[in-house]
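The values are calculated or read from the model by the stated rules, or taken from the named source; none is laboratory data. This structure is a prediction, so every number in the text was calculated from the model and none was measured. Every residue, glycine among them, receives a Cβ derived from its backbone with ideal geometry; neighbour counts consider all protein chains shown.
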Amino acid sequence: MIESLLIANRGEIARRIIRTAKRLGIRTIAVHSDVDAGMPFVAEADEAVCVGPANPAQSYRNAEAILAAAKSTGAQAIHPGYGFLSENADFARTVEANGLVWVGPGADAISAMGDKINARNLMAAAGVPVAPGSADPAETVEDARRAAAEIGFPVMVKAAAGGGGMGMAVANDEAELAKEYDKVRAFAERMFGDGSVLIERYFPRVRHVEVQILGLADGRVVALSERECSVQRRNQKLVEEAPSPAVSPELRERLLAAAAKAGEAVNYRNAGTVECLLDPSTGEFFFLEMNTRLQVEHPITELIHGIDLVEAQLRIASGLAVDLPSGQSGHAIELRINAEDPKRFFPGPGAITTWVEPSGEGVRVDSGYAAGTTVSQNYDSLMAKLIIFGADREDALAKARTAVDGFAIAGPKNNLPFFAELLENPEFLSGDYDTGIVGRMR
């Protein structure tokens, strides 16, 4: 097993990784920006190194500074968490070239899945269902028009190098397509340094379902189970649950088989997620993308399977076997507690004056903050994840209502009132909802 681990991240995911590493007797090293010096994850690590100022490009995305911190502290391995450098193939290669262990998939798999067009083509060749879309980048508006004419409107205009719901727009006709194409291309060039654009069929009513996979040290790829991720704002997730209320045993079998096949196609190692769009009217599903890292919502899979996915990651990276769960039971829900207003979801950072977490049977809080800390405008608005486990969905929903009511935050804006509303919403309670549910609530 790895003996010392540098966590190239911050906030709740850094604390989450530190917790498992300490349980396994692994020495932990945190890296942090100057504004994060007083954060809980820094205090909880065995050692901490400041790697730069608040701007992520100069700290958490500063590969040179992070590698220097790893060398100066004698770290044996680097865990990237999610976001920042977690899906940067060049960084993964550099880590390994420096004789360190990369706790994640190989750089080739990251590269293969990082470009949405390349990923689509690879999956199609492997027999994984993909939505109708362009096999090559739309280099011009004319290319986009030709692709849309073949696919049929409405279409989704996507940044090929994008991820996390960023760089996406819907076009219902040619006029909208021309406008959105220019916007997405400019955004992609600015954010990802790659202006390649993919045109794909847009499904007005669709569910977002994903499958947790593990590429094991012995070369096998296993699929654990699915998560429902359809409660979204601006194509970014707010709530996840496992198992999905929309997935029957027969559909689950097909989803898991396709996800394992997707991992096998790129020789996948470590934890990853195969994201799919599910048409609830037909039961058809289509490959959306593969996230070559640990997902924000991994705890709900942990709870229904009784597995520690961070431990699994560390064992795989160490070349060790993983004790795989024999099945699943119960129901789990995750609510992303963000520093944002609960109506329009605009960021609302600020100093936290009150922070009281709920507790009780089936309640887990993975948080990055505490009273006296500050949510900085420099980083993502996620403050904590409220994770609930129940005997079944009804039990989990009841516990979630109590937990939301018992979570007290003052200072920054927060979206707890939205969750209180969602947990009483008839459409959500029925389980028959789709990615448009938040828009209908607003």
Test result for Val365, modelled with pLDDT of 95 or more and over 30 Å from Ala246 (Cβ atoms) = no
Flag if Phe389 is in the same structural domain as Cys229 (by TED's automatic domain parsing), crowded, with 20+ Cβ neighbours inside 10 Å and part of a strand (DSSP E or B) = yes
request  = Pull up the stretch 341-374, narrow it to residues that are touching a Ser or Thr at 6+ places or on another chain (Cβ under 7 Å) and not small (Gly, Ala, Ser), then point me to the one that is nearest to Leu238 (Cα to Cα).
outcome  = Pro347
ask   = Only one of (1) touching a residue at least 40 places away in the same chain (Cβ under 8 Å); (2) closer than 24 Å to His208 by Cα; (3) of a type in the set (D, E, K, R) is not met by Glu424, so which one is it?
value = (1)
request  = Return yes when Ala246 is of a type in the set (A, V, I, L, M, F, W, C), at pLDDT 95 or above and within 23 Å of Ala119 (Cβ to Cβ) and no when it is not.
outcome  = no
query = Within the stretch 326-340, is even one residue basic (Lys, Arg), touching a residue at least 60 places away in the same chain (Cβ under 8 Å) and assigned to a strand (DSSP E or B)?
reply = yes
note = If we ask which residues in the stretch 183-230 are under 30 Å from Arg252 (Cα atoms), among the aliphatic types (A, V, I, L, M), touching an Asp or Glu at 6+ places or on another chain (Cβ under 7 Å) and not in a loop (DSSP other than H, G, I, E, B), their number turns out to be 3
query = Quick check: anything in the stretch 275-292 in contact with a Lys or Arg (Cβ under 6 Å, 6 or more places away or on another chain) and modelled with pLDDT of 95 or more?
reply = yes
query = Only one of Ala138, Ala148 is in the same structural domain as Asp182 (by TED's automatic domain parsing), part of a helix (DSSP H, G or I) and either crowded, with 21+ Cβ neighbours inside 10 Å or touching a residue at least 12 places away in the same chain (Cβ under 8 Å) (or both); which?
reply = Ala148
request  = Answer yes if at least one residue in the stretch 95-112 is modelled with pLDDT of 95 or more, over 25 Å from Phe287 (Cα atoms), part of a strand (DSSP E or B) and in contact with an Asp or Glu (Cβ under 9 Å, 6 or more places away or on another chain), and no otherwise.
outcome  = yes
query = Within the bounds of the stretch 337-359, is there any residue that is within 30 Å of Ala257 (Cα to Cα) and in the same structural domain as Glu253 (by TED's automatic domain parsing)?
reply = no
Those residues of the stretch 392-417 which are closer than 23 Å to Ala339 by Cα, of a type in the set (Lys, Arg) and in a helix (DSSP H, G or I), in sequence order = Lys399, Arg401
Subset tally (residues that are under 21 Å from Glu142 (Cβ atoms), among the small types (Gly, Ala, Ser) and under 19 Å from the mean Cα position of the chain (by Cα)) for the stretch 158-187 = 3
message = I need the full set of residues from the stretch 48-81 which are crowded, with 23+ Cβ neighbours inside 10 Å, more than 25 Å from the chain's Cα centre (by Cα) and either polar (S, T, N, Q) or farther than 14 Å from Leu100 by Cβ (or both), in order please.
response = none
ask   = Do you know which residues across the stretch 309-355 are among the small types (Gly, Ala, Ser) and in contact with a Lys or Arg (Cβ under 8 Å, 6 or more places away or on another chain)?
value = Ala321, Ala339, Gly348, Gly350
query = Taking the stretch 392-427 as the search range and keeping residues that are closer than 23 Å to Ser244 by Cα and small (Gly, Ala, Ser), which one is surrounded by the most Cβ atoms within 10 Å (Cβ to Cβ)?
reply = Ala400
message = Val296 - would you say it is under 30 Å from Tyr202 (Cβ atoms) and either touching a Cys at 6+ places or on another chain (Cβ under 6 Å) or buried (at least 19 other Cβ atoms within 10 Å of the Cβ) (or both)?
response = yes
request  = Output the residues belonging to the stretch 61-108 that are among the charged types (D, E, K, R) and over 24 Å from Asp380 (Cβ atoms).
outcome  = Lys71, Arg93, Glu96, Asp108
remark   = Those residues of the stretch 232-285 which are part of a loop (DSSP other than H, G, I, E, B), in contact (Cβ under 8 Å) with a residue 40 or more places away in the chain and under 30 Å from Phe419 (Cβ atoms) amount to Arg234, Asn235, Pro243, Pro245, Ala246, Asp279, Pro280, Ser281
ask   = Among the residues of the stretch 83-109 satisfying the criterion of being in contact with a helix residue (DSSP H, G or I) (Cβ under 7 Å, 6 or more places away or on another chain) and without any contact (Cβ under 8 Å) to a residue 24 or more places away in the chain, which is surrounded by the fewest Cβ atoms within 10 Å (Cβ to Cβ)?
value = Arg93
